[in-house]
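For reference, the structure discussed in these notes is given below.
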Number of protein chains: 2
Amino acid sequence: MSKSQSIPYKIYLSENELPRYWYNIRADMKEKPVPLLNPATLQPMTAEELSVVFCEDLVAQELNNDDRYIEIPEEIQNFYKMYRPSPLVRAYCLEQKLGTPAHIYYKFEGNNTSGSHKLNSAVAQAYYAKKQGLKGVTTETGAGQWGTALSMACSYFGLDCKVFMVKISYEQKIFRREVMRTYGATVTPSPSDQTKVGREMLERFPGTTGSLGCAISEAVEAAVTTPGYRYVLGSVLNQVLLHQSVIGLECKTALDKYRIRPDIIIGCTGGGSNFGGLIAPFVGEKLRGEADYRIIAVEPVSCPTFTRGRFVYDFCDTGMVCPLAKMYTLGSGFIPAPDHAGGLRYHGMSTTLSQLYHDGVIEARAVKQTSVFEAAEYFARVEGILPAPESSHAIRAAIDEAIKCRETGEAKTILFALSGTGYFDMTAYEKYHEGRLTDYIPTDEELERSFAGIPNVNL
Amino acid sequence: MSKSQSIPYKIYLSENELPRYWYNIRADMKEKPVPLLNPATLQPMTAEELSVVFCEDLVAQELNNDDRYIEIPEEIQNFYKMYRPSPLVRAYCLEQKLGTPAHIYYKFEGNNTSGSHKLNSAVAQAYYAKKQGLKGVTTETGAGQWGTALSMACSYFGLDCKVFMVKISYEQKIFRREVMRTYGATVTPSPSDQTKVGREMLERFPGTTGSLGCAISEAVEAAVTTPGYRYVLGSVLNQVLLHQSVIGLECKTALDKYRIRPDIIIGCTGGGSNFGGLIAPFVGEKLRGEADYRIIAVEPVSCPTFTRGRFVYDFCDTGMVCPLAKMYTLGSGFIPAPDHAGGLRYHGMSTTLSQLYHDGVIEARAVKQTSVFEAAEYFARVEGILPAPESSHAIRAAIDEAIKCRETGEAKTILFALSGTGYFDMTAYEKYHEGRLTDYIPTDEELERSFAGIPNVNL
């Protein structure tokens, strides 16, 4: 295709072009991500140990560093058909408005009721739980995006869904809470009196508004103490990156149809789920030496895991009950500023992505919250879609790269992931409109204090 | 296509299959809708009179009873390409769950940031305002769906957008308000001190929370007193039905591709915009004797315009400043119960649809709010999409028809419009979850009192 106008505004794949296999990046990595460690023994977690908390098939996927392709079960494929393929959009209007010679594409994952890519893994995890004959799953949710996606998936498969929602979110994010209830989930404000850890927390801090760390601990406790339940998680894990590879695989097929080759691939990173999914097949080509791409992870300056973190073994949760993972981390005690991209406030990062970053396969940059909202509003007005604050980190970087192209005259092809919509984030937009958003950058001293909590395994 | 499984879950048209012409139902009606009347002279409104309030090209469309097809300007076609074609979905999961032999299809119009079909007409109206060289447009909004759509369209064309938002909504529906602001609209709580009618209202009722009637009056006053401004409206008018015909035209093309012929076509009706758009080409065939369809308008029992209203000339607004229209009406003074389908609480109905109903071309039924939310939740859990309360009236009727098919064993094909999503309606869902939703049916005496306010033109 030489004439760019022959490329439609939206490239949709047909149902028979949908991926039938997930792609497992780890199979092509020379340096595999190192295993999770049992926090008690400091030995690699076995499948048996992991199976107490997670579903069996998911444990197998978590530990599978070898199989390049893993078949997507038909039931999951059928669910995907309800909202996938997601559109790959040529941002003609944005290009024109920016006056850039760059060609900009974005993969839009917000076209479903959960409003984000989270559903891609939620349905897989719910499916395997059902297949194992479980009665239900537990999870935690902060902003509520993951909880919503999981509720939808569980409702479809007829599985109980217990969501521990950080108390302050439970009280303030009424919309999210009620969406989960519409899908039949039990939503409990955390800390609650339903778990030992919750009761202890309530006793020690009667007025607490909760934290994600505590909600994780409650969800894990509820899973391991309730027969027929397991715990599920929406990011960070290898299995999640595997499921999310549908994003990148669809992209690749759509781009190949029009013989488009991206020069720069951009995504936002919190735990790494949408970014890892988007880049999967492209990283694969890069690792196999078949193609080269610039691949950029974008994170908030307020939670600079890649750009200022350390690549060490650390706790995945603040409660320090979960396994240790080797990853870029700010320390599990890191308290991120009240940034409005709730999904990007995690102290750690996917072990797979951490290894790729360490090996120089991908790069990273950090951006300021106010510049992110500026990009978000600009994008909304030009492209019509109101983006999630998280996704807007990728928009910011894509616009910056397109502006560079305007300056150099290069017609680069930029691909980014628009991982979700911001319909439930309007209080953050309200603050932006009223000039009440601030930029917070942790000091070196703050980070040093947080690094001090990293365990000694790394010697 | 004999094997139904060969029909995909979602039928997407390609960009070159998108409609290039709107379809004007009135061209095929033997009994044309009668003209709007000037409330002062009781004579038909002339183009000149209408042009004081509305844009010139839109006035021409409003009065055009003859041209069957009206070309969609390229600029509007390009905007449509950002979010259209909308998917026509085969509701395989719903069919299976209901155990019905019926084939159910729905046209999903919620796949854009405004969350509904309203954008189809908003972009057309903004385009013609820009073409006329206007500086901006004014409108009113209650729940905010129309205001959001108009803000998006105005932002795209670089047009000022002044939205008078009913004060109670302005204060409570913060999300909607901030979406409009994100798109650069000026949102003013009504009554305001910016108009004469607003100031009078504030003086007489200092603590008032506003009403749609007052907001309309303010928007019209602001339009006619501000140079370079006109007033725009999101429903009821002929021009709106014309623009919304893209819904039905896309449906028809998609169904024809797979040789599917609907037996029953269903939509919800407030002012009639999504229903009128969906049914347009099908009604055309019916009027021309080329095909027959059962066409069902669904309204709330709390605002039963078709099923209990009168077909007479009446005021379109509570302030009685707008032209008189001959339509099914409950009387312009009708105060609907606080039903949660805000978009269906209008006392009147599109004149075109009113004439079609009067002539027996379409039928109507009224449904209860609680049964609507029951259908909404059922649908969300099975089909994944969380529907708007308005759209859920159509879902209720579609499910009821599918259940009848289960009882009779008939494999009818049902098509309905899923006009929007319910993401901003979660407080209504919350009430439903807590058992606090009620059904309100106006008494005959209440309706008689309201009918008494209908003007004497009808003798």
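The values are calculated or read from the model by the stated rules, or taken from the named source; none is laboratory data. Bear in mind the structure is a predicted one, so any value in this text is a computation, not a measurement. So basically every Cβ, Gly included, is an ideal-geometry build from the backbone, and we count neighbours across all protein chains shown. Quick note on the areas: whole protein, heavy atoms, side chains included, nothing else; ligands and nucleic acids left out. Shrake-Rupley method; radii C 1.70, N 1.55, O 1.52, S 1.80 Å.
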Matching entry among B:A380, B:A452 (being under 22 Å from the mean Cα position of the chain (by Cα) and of a type in the set (A, V, I, L, M)): B:A380
Answer residue from the stretch A:4-38, given it is part of a loop (DSSP other than H, G, I, E, B) and of a type in the set (A, V, I, L, M) and is most open to solvent (accessible area, probe 1.4 Å) among those: A:V34
Close pairs from the stretch A:355-374: first in the same structural domain as A:A341 (by TED's automatic domain parsing), partner of a type in the set (A, V, I, L, M, F, W, C) and part of a loop (DSSP other than H, G, I, E, B), Cβ under 7 Å, at least 6 apart: A:Q355/A:M29; A:L356/A:I362; A:A366/A:V301; A:V367/A:V301; A:K368/A:V301; A:Q369/A:L437; A:T370/A:L437; A:F373/A:L437
Set A:G184, A:G147, A:G158: member being more than 13 Å from chain B (Cβ to nearest Cβ) and touching a residue at least 24 places away in the same chain (Cβ under 8 Å): A:G147
Check on A:D314, of a type in the set (D, E, K, R) and part of a loop (DSSP other than H, G, I, E, B): no
Pair list, Cβ < 7 Å and 6+ apart or interchain, from the stretch B:25-40 residues that are farther than 16 Å from B:K286 by Cβ to residues that are among the β-branched types (V, I, T): B:P33/B:T351; B:P33/B:T352; B:L37/B:V457
Condition broken by B:R84, with the remaining ones in (1) within 28 Å of B:L386 (Cα to Cα); (2) open to solvent by 20 Å² or more (accessible area, probe 1.4 Å) satisfied: (2)
Verdict on A:T413 being more than 12 Å from chain B (Cβ to nearest Cβ), open to solvent by less than 20 Å² (accessible area, probe 1.4 Å) and polar (S, T, N, Q): yes
Residue list for the stretch B:441-459, restricted to those being within 24 Å of B:H393 (Cα to Cα) and touching a Lys or Arg at 6+ places or on another chain (Cβ under 9 Å): B:I441, B:P442, B:D444, B:L447
Cross-chain or 6+ apart pairs with Cβ under 8 Å, the stretch B:419-437 first and touching a residue at least 60 places away in the same chain (Cβ under 8 Å) and more than 9 Å from chain A (Cβ to nearest Cβ), then of a type in the set (S, T, N, Q) and open to solvent by 20 Å² or more (accessible area, probe 1.4 Å): B:G420/B:Q145; B:L437/B:T370
Given (1) open to solvent by less than 10 Å² (accessible area, probe 1.4 Å); (2) under 22 Å from the mean Cα position of the chain (by Cα), index of the condition A:A91 fails: (2)
In the stretch B:110-127, the residues that are of a type in the set (A, V, I, L, M, F, W, C) and within 14 Å of chain A (Cβ to nearest Cβ): B:L119, B:A122, B:V123, B:A126
Within the stretch B:400-410, considering residues that are among the hydrophobic types (A, V, I, L, M, F, W, C) and open to solvent by less than 10 Å² (accessible area, probe 1.4 Å), the one farthest from the other protein chains (Cβ to nearest Cβ): B:C405
Of the criteria (1) over 20 Å from A:A411 (Cβ atoms); (2) touching a residue at least 12 places away in the same chain (Cβ under 8 Å), which one A:E285 fails: (2)
Residue among B:L202, B:L150, B:L134 that alone is in contact with a strand residue (DSSP E or B) (Cβ under 8 Å, 6 or more places away or on another chain), open to solvent by 10 Å² or more (accessible area, probe 1.4 Å) and either closer than 30 Å to A:L98 by Cβ or not aromatic (F, W, Y) (or both): B:L134
Checklist (1) open to solvent by less than 30 Å² (accessible area, probe 1.4 Å); (2) within 14 Å of chain B (Cβ to nearest Cβ) applied to A:E75, failing item: (1)
Pairs with Cβ under 8 Å, 6+ apart, first in the stretch A:381-393 and at the interface with another protein chain (Cβ under 7 Å from one of its Cβ atoms), second outside any helix (DSSP H, G or I) and among the aromatic types (F, W, Y): A:R381/B:Y183; A:I385/A:F108; A:L386/A:Y423
Residues located in the stretch B:14-54, provided they are at pLDDT below 95 and within 14 Å of chain A (Cβ to nearest Cβ): B:S14, B:E15, B:N16
Residue count, the stretch B:48-79 (criterion: touching a helix residue (DSSP H, G or I) at 6+ places or on another chain (Cβ under 7 Å) and hydroxyl-bearing (S, T, Y)): 1
Number of positions in the stretch B:166-181 that are buried (at least 22 other Cβ atoms within 10 Å of the Cβ), among the aliphatic types (A, V, I, L, M) and within 14 Å of chain A (Cβ to nearest Cβ): 2
Count of the stretch A:323-355 residues which are outside any strand (DSSP E or B) and in contact with a Ser or Thr (Cβ under 9 Å, 6 or more places away or on another chain): 23
The lone exception for B:F108 - which of (1) crowded, with 24+ Cβ neighbours inside 10 Å; (2) closer than 27 Å to B:D425 by Cα it fails: (1)
Residue in the stretch A:289-301 that is assigned to a loop (DSSP other than H, G, I, E, B), buried (at least 24 other Cβ atoms within 10 Å of the Cβ), at pLDDT 95 or above and over 15 Å from the mean Cα position of the chain (by Cα) present: no
Matching entry among B:E62, B:E49 (being open to solvent by less than 30 Å² (accessible area, probe 1.4 Å) and in the same structural domain as B:Q132 (by TED's automatic domain parsing)): B:E62
Subset tally (residues that are among the acidic types (D, E) and more than 22 Å from B:Y440 (Cα to Cα)) for the stretch B:333-362: 1
Some residue of the stretch B:356-367 being under 22 Å from B:S86 (Cα atoms) and crowded, with 24+ Cβ neighbours inside 10 Å: no
Pair list, Cβ under 9 Å, 6 or more apart: the stretch B:193-209 residue at pLDDT below 90, other residue basic (K, R) and open to solvent by less than 70 Å² (accessible area, probe 1.4 Å): B:T208/B:K167; B:T209/B:K167
